[in-house]
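Data first, discussion second: the structure below is written as structure tokens.
The values are calculated or read from the model by the stated rules, or taken from the named source; none is laboratory data. Note that this is a predicted model, so its numbers are computed, not measured. Note that we place each Cβ from the backbone using ideal geometry, even for glycine, and neighbour counts take in every protein chain shown.
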Amino acid sequence: MKKLQGIITSAKLKNTVTVTVHRLLFHPIYKKRFRRSKKFAADTAGTADLQQGDTVVIGECRPLSKTKHFKIVEVVSRVPRVSETQEEAGLEEVIHGKKKEADKEKEALPAKKS
């Protein structure tokens, strides 16, 4: 069974995601490595909450449709969700807000001239 690791580039379809898999090839004449990409349609049955940018491992299976012949085996890493990002922004605002108040207090104190 062939397993590939890639990044989800589209999660708009029902029970299907598009996974882009990158691989490095070696050019025989120029002796350089270069990157090739291929997109695979993968089934998401049993795996919930997948979004664009998540890193997943897909495994080969029987043909599920004309273009879909891979399934999601595991989710390696997830992209931060919107709610998590908003919470982080709120924390930063509180932290920076406290810093700004401290700066205002320092500015309010008269500076000593020498």
Residue identified as in a loop (DSSP other than H, G, I, E, B) and under 20 Å from the mean Cα position of the chain (by Cα) among P63, P80, P28: P80
K32 vs. criteria surrounded by 14 or more Cβ atoms within 10 Å (Cβ to Cβ), modelled with pLDDT of 95 or more and among the basic types (K, R): no
Boolean, S114 is modelled with pLDDT under 70, over 26 Å from the mean Cα position of the chain (by Cα) and not aliphatic (A, V, I, L, M): yes
Pair list, Cβ < 8 Å and 6+ apart or interchain, from segment 6-18 residues that are outside any strand (DSSP E or B) to residues that are surrounded by fewer than 12 Cβ atoms within 10 Å (Cβ to Cβ): N15/A45
Members of segment 35-69 that are surrounded by fewer than 17 Cβ atoms within 10 Å (Cβ to Cβ) and polar (S, T, N, Q): S37, Q51, Q52, T55, S65, T67
Extreme residue, farthest from T16 (Cα to Cα), among residues of segment 31-60 that are in a strand (DSSP E or B) and among the hydrophobic types (A, V, I, L, M, F, W, C): F34
